[in-house]
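Encoded as structure tokens, the structure appears first; notes follow it.
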């Protein structure tokens, strides 16, 4: 017996020696708790760290020291991304309770993506496991079926929720649930809502979605309403929501490809967005987009984006005229204008639009099929003529089809006139220029621009502007 005890004592000594040796080999183990905790936190919030094995788990598997620090650091456990595969997720509910239980009293960020395509494979007790943490749930993202959503909304309350992102899925084999869920009306802090239709499955009509989920619209500041490219809807379901929050809305992103033509004769009330700073119209059908622009007034608008990268943008209707009318009504202090594949506006149309936005500082034109030479000559600052957007600080011009022959000189002249290098005439404050053209190389003339401003010439533009 004494021999066994002696061997155990020797084993303890060796373990201590081994631990000391490991500390020498890996001195990071000897850092103070607070510093280690901060390092772990920075690692956990790195982009992309939520797509594979969770970084918190990896850290905990390194050694007992790391595991102790990680589990005693509440900040590491405030975000939880749940992916439910086709076969479900055995043990998920227990994992959720353990994970969120380590987050102390900090606000929570929870995302649930259900890929099972079977509402009965979804862990039935998961909503009940979230109930103890509802008072700290600040951000919630759900990509789930309507039936699962109904279960969650029936059991949870959202006293601290500020951001909600919902993508809906209707499973064909399951009867649809058509009733109103009022839980969100009792979310006093909710100010940001994203409603999307899941691209990988059937979904209920958009009007039904907006009717099923009444929102506390009078307190919303950020709204993202996104549909698929093949959707068609009565616009009133959108416009009723926008009308109700027109006094509070700060950012609005709308993806609405088509309104039924049969509705074109139905009168729609104009909307004035008193506090709106950012408006993004994404993948709209051209006629519907023009009708919407004619409906709105945006006196506080700072950023405007029109994106036709995958849909629309080829209608001959004069969108430049509608933009000019919009600014005439609004007198907005616009700082940023971004046009993506708005192909029916010529360079002269663009210049006419810029003339009504004298406060503009940032201009981005993506694949708009423009005459580069005409655009640059129009932007050049010269004496004895109208000067456009004198305060322009950055210009990004990307075109994948048109080779801007003989435009290098006009580009250099424009830059020199706006950087104080030219002789005579008003001086601008251009700081950054980005150009990207297919089959057009950087020559010595353009190479000089590096001396004048932050210049970037992209010859590898693949499909950056097409990415969602």
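The values are calculated or read from the model by the stated rules, or taken from the named source; none is laboratory data. This one's a predicted model, so the numbers in the text were calculated from it and none came from an experiment. Cβ: placed from backbone, ideal geometry, glycine included. Neighbour counts: every protein chain shown.
Annotations
- Residue match in region 126-134 (condition: surrounded by fewer than 16 Cβ atoms within 10 Å (Cβ to Cβ), modelled with pLDDT under 85, more than 20 Å from the chain's Cα centre (by Cα) and not in a loop (DSSP other than H, G, I, E, B)): yes
- Residues of region 217-236 satisfying the condition of being buried (at least 18 other Cβ atoms within 10 Å of the Cβ), farther than 14 Å from residue 283 by Cβ and either within 22 Å of the chain's Cα centre (by Cα) or modelled with pLDDT of 70 or more (or both): 217, 220, 221, 222, 223
- Residue in region 172-195 that is outside any strand (DSSP E or B), modelled with pLDDT under 85 and buried (at least 18 other Cβ atoms within 10 Å of the Cβ) present: no
- Selected residue (criterion: surrounded by the fewest Cβ atoms within 10 Å (Cβ to Cβ)) from residues of region 242-272 that are at pLDDT 85 or above and more than 14 Å from residue 295 (Cβ to Cβ): 247
- Residue match in region 80-88 (condition: in a loop (DSSP other than H, G, I, E, B) and closer than 14 Å to residue 136 by Cα): no
- Unique match (being crowded, with 18+ Cβ neighbours inside 10 Å, under 26 Å from residue 163 (Cβ atoms) and at pLDDT 80 or above) among 46, 80: 80
- Flag for residue 144 being free of Cβ contacts under 8 Å to residues at least 40 places away in the same chain, over 18 Å from residue 216 (Cα atoms) and part of a helix (DSSP H, G or I): no
- Test: residue in region 349-361 that is modelled with pLDDT under 85 and closer than 30 Å to residue 299 by Cα: no
- Scan of region 113-125 for residues that are touching a helix residue (DSSP H, G or I) at 6+ places or on another chain (Cβ under 9 Å) and at pLDDT 70 or above, ordered by number: 114, 122, 123, 124, 125
- Test: residue 390 is within 32 Å of the chain's Cα centre (by Cα) and modelled with pLDDT of 75 or more: yes
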